[in-house]
Amino acid sequence: MAEERFTCRWAALSLSNIASVFLPDLLHLRESSASIKHELVSVSTTGGASRAADWLKQNKIPNAESIIVYHSWEEMLEKGDFDVVYISTPHPLHYAHVQKALQCKRNVLVEKPATMNRAQFTQLCNLAKEVNVVLMEAMWTRYLPATLYFQHKLLPRIGDVKRVYAEFSFPIVSPDLSHESRFLDKAAGAGSLLDQGVYALTWADLALNGLTSSQDKTQTEVVYAHSMPVPGVQGDVDDINTIILNKIKINESGGKQQEAVAIVTTSMTLPGSSKPAFYQRLQATKAAPAVRIEATKASVSVPFPPIRPQELYVQWYDEEHLDENGFETDEVIKMPVERGWGIWYQADVIAERVARRNGNDQGTGEVIGEEESGRVIGWMDRAREMAGIVYDAALEQV
């Protein structure tokens, strides 16, 4: 008997720049055999009706005339008829927007970083469970085919991971970028650590903790962080960041032994040309891999951009894989995104959870990727503290 198809109805809180990438990606035509279909049924915007209509047209949103436009996000959350709300406002607003959505018993996909700090994220996780809904951070990189292949197929085979280099830099800031841009506005959470470091730290987490179970007595902590600000910009917007993580194993007597190290770097001013359009810059060819994971049996490299991996380069150096002269052997694993940017993979994940829960009172809600997202946000908290990256206290309140 064919599986019944679930149509996941979405609401968009904010017609942001990232929403203009996510929503068209979400609404790509699916195969008739697909178990999930997505529809956009409502949006909220502080702009007028004509702006919303223009935005939907420019982004080629199907059935735009049937989409309900709210000019109050609170009203949409309180009265709208949809399955999941996608929240893509600037990250200092995430906490209040997600909190209200959860209070209205809405399933939520919120852009990364989910919150400004770990304390806010913990509060939202607890609330989601309390009101029996699904919450998920939109860390789409974790759900791409190449990432899943690395975590579930390669990571168990390459031996113990000992060293990780995770880098995500590209020239977001150009000489002609207005100082009023969100990317340079500390009140909007600007800074390469929150904007880019969340991705690089996610790769460090995948490499160091991708196989870790709750029974493993290990911990990964930030031991060093340094930051250089964007030159010529007021407010000390962080730019060139360096973070060192240590993975520690705790033995039965309570002693600690270092298992692995990760070096994580970001920049929003280099390397590369800032002349091409934003998303062209994001896909430019870089001289070095963005991620390199070195383990006892092999190393794995991920080319730029690490947010959207489609190939994995593996060099094997264990006895089983050496050639007849004792040299390393190379393997290239191609795992292309099936269509569009691939942001829709994460949408399928939350839609499947919502479909599974519909009509079945689970008694408690769930947070997809709670442990992983919480770890990365906690590392960013510690890195900011050590590197002196400071935001207005009002943005951090719980």
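The values are calculated or read from the model by the stated rules, or taken from the named source; none is laboratory data. Predicted model only: the values in this text are computed from it and were never measured. Methodologically, a virtual Cβ is constructed for each residue, glycine included, from the backbone with ideal geometry; neighbour enumeration extends over all protein chains shown.
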Notebook entry, point to check: So is Glu39 acidic (Asp, Glu) and either surrounded by fewer than 15 Cβ atoms within 10 Å (Cβ to Cβ) or in contact with a Pro (Cβ under 7 Å, 6 or more places away or on another chain) (or both) or not?
Noted result: no
Next item on the list: Output the number of residues of the range 379-397 satisfying the condition of being surrounded by 13 or more Cβ atoms within 10 Å (Cβ to Cβ) and either in contact with an Asp or Glu (Cβ under 9 Å, 6 or more places away or on another chain) or of a type in the set (S, T, N, Q) (or both).
Entry: 6
Next item on the list: Can you give me the number of residues within the range 321-357 that are free of Cβ contacts under 8 Å to residues at least 12 places away in the same chain and assigned to a loop (DSSP other than H, G, I, E, B)?
Entry: 6
Checklist line | Only one of Ile343, Ile333 that is closer than 30 Å to Arg106 by Cβ and among the β-branched types (Val, Ile, Thr) | finding: Ile343
Checklist line | Residue tally, condition in a loop (DSSP other than H, G, I, E, B), under 20 Å from Ala11 (Cβ atoms) and not β-branched (Val, Ile, Thr), over the range 26-47 | finding: 4
Note to self: Looking only at the range 358-398, how many residues end up being of a type outside the set (Val, Ile, Thr) and part of a loop (DSSP other than H, G, I, E, B)?
What the structure shows: 12
Item checked: Residue satisfying condition, being β-branched (Val, Ile, Thr) and either assigned by TED's automatic domain parsing to the domain that holds Asn209 or more than 22 Å from Leu201 (Cβ to Cβ) (or both), within set Val354, Val349 -> Val354
Next item on the list: Collect the residues in the range 168-206 that are surrounded by fewer than 24 Cβ atoms within 10 Å (Cβ to Cβ) and part of a strand (DSSP E or B), keeping them in residue-number order.
Entry: Ser169
Next item on the list: Keeping to the range 1-52, report how many residues are within 14 Å of Val69 (Cα to Cα) and either among the charged types (D, E, K, R) or not assigned by TED's automatic domain parsing to the domain that holds Ala347 (or both).
Entry: 1
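Table: residues versus (1) in contact with a strand residue (DSSP E or B) (Cβ under 9 Å, 6 or more places away or on another chain); (2) modelled with pLDDT of 95 or more; (3) among the β-branched types (Val, Ile, Thr); (4) not assigned by TED's automatic domain parsing to the domain that holds Val85.
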| residue | (1), (2), (3), (4) |
| --- | --- |
| Ser299 | yes, yes, no, yes |
| Pro303 | yes, yes, no, yes |
| Ile307 | yes, yes, yes, yes |
| Val314 | yes, yes, yes, yes |
| Tyr317 | yes, yes, no, yes |
| Thr329 | yes, yes, yes, yes |
| Glu372 | yes, yes, no, no |
| Arg382 | yes, yes, no, yes |
Next item on the list: Only strands (runs of 3 or more DSSP E) wholly contained in the range 207-307 count here; list those with 2 or more residues that are touching a helix residue (DSSP H, G or I) at 6+ places or on another chain (Cβ under 6 Å) and either more than 24 Å from Val332 (Cβ to Cβ) or in contact (Cβ under 8 Å) with a residue 12 or more places away in the chain (or both).
Entry: 218-229, 238-250, 256-267, 291-295
Notebook entry, point to check: Among (1) under 30 Å from Ser178 (Cβ atoms); (2) crowded, with 18+ Cβ neighbours inside 10 Å; (3) out of contact with any Ser or Thr (no Cβ under 9 Å at 6 or more places or on another chain), which single condition is Ile307 missing?
Noted result: (3)
Next item on the list: Determine which member of the set Leu77, Leu29, Leu15, Leu23 is crowded, with 20+ Cβ neighbours inside 10 Å, modelled with pLDDT under 95 and not charged (D, E, K, R).
Entry: Leu15
Check: Is it the case that Ser181 is of a type in the set (S, T, N, Q), closer than 21 Å to Glu111 by Cβ and touching a strand residue (DSSP E or B) at 6+ places or on another chain (Cβ under 6 Å)?
Finding: no
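Yes/no matrix, rows are residues, columns are (1) under 24 Å from Gly365 (Cβ atoms); (2) under 22 Å from the mean Cα position of the chain (by Cα):
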position	(1), (2)
Ser44	yes, no
Asn59	no, no
Ala64	no, no
Glu74	yes, no
Asp81	yes, no
Val85	yes, yes
Gln103	yes, no
Arg106	yes, yes
Next item on the list: Return the residue satisfying two criteria in turn: it lies in the range 223-282 and is surrounded by fewer than 17 Cβ atoms within 10 Å (Cβ to Cβ), under 28 Å from Ala207 (Cβ atoms) and basic (Lys, Arg), and of such residues it is modelled with the lowest pLDDT.
Entry: Lys256
Note to self: Here is a check on your reading of the model: is Gly374 within 30 Å of Gln120 (Cβ to Cβ), exposed (fewer than 15 other Cβ atoms within 10 Å of the Cβ) and not aromatic (Phe, Trp, Tyr)?
What the structure shows: no
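One line per residue, one yes/no per condition, for (1) closer than 30 Å to Pro229 by Cα; (2) over 19 Å from the mean Cα position of the chain (by Cα):
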position	(1), (2)
Asn358	no, yes
Ile368	no, no
Ile377	yes, no
Asp381	yes, no
Margin query: Checking Gly326 against (1) surrounded by 12 or more Cβ atoms within 10 Å (Cβ to Cβ); (2) over 30 Å from Leu29 (Cβ atoms), only one condition comes out false. Which one?
Written below: (1)
Notebook entry, point to check: From the residues in the range 337-369 that are in contact with a Leu (Cβ under 8 Å, 6 or more places away or on another chain) and of a type outside the set (A, V, I, L, M, F, W, C), which one is farthest from Asp83 (Cα to Cα)?
Noted result: Gly342
